[in-house]
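> The structure that follows is given in the form of structure tokens.
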Amino acid sequence: MYHHTDALGSVRQLGDASQEIIFSQSYDPYGNVLNTITAGPESNYGFTGEWTDDSGMVHLRARYLSMRREN
């Protein structure tokens, strides 16, 4: 699997060995996912190239970021 990133390092697409795009995702300026298109596995790496754990928290090295919206 090959990770394709933007200027921030956010993973925008995943490609397989045959150069097919199997996952595509876009974000708003705050890291919220706008849309996802997948035809295979998803990546744990996302906004700014950091990984997301099983609870949905984004690891930003010095802190964690919750992408959940609170009322």
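> With contacts defined as alpha carbon pairs under 8 Å and 6 or more residues apart, what's the relative contact order of the chain in percent?
22
> Only four residue types carry charge here, +1 at the Cβ of Lys and Arg and -1 at the Cβ of Asp and Glu. Report the dipole size of segment 2-66 about the Cα centre in Debye, rounded to the nearest 20.
220
> Let me ask something else about it. Report, largest value first, the span of the C-alpha coordinates of segment 2-66 along each principal axis, in whole Å.
Here the Cα extents, ordered largest to smallest, are 37, 23, 18 Å.
> Okay, next question. How much net charge surrounds residue 46 when only the other residues with a Cβ under 13 Å from the Cβ of residue 46 are counted, with Lys and Arg +1 and Asp and Glu -1? List each step's numbers first, then the result.
On the way: positive: 12; negative: 6, 28, 42, 50, 53.
The answer is -4.
Each reported figure results from applying straightforward, stated rules to the coordinates on display, with no laboratory input. It should be emphasised that the depicted structure is a prediction, and the values quoted were computed from it without experimental measurement. Note that each Cβ is placed from the backbone with ideal geometry, even for glycine, and that neighbours are counted across all protein chains shown.
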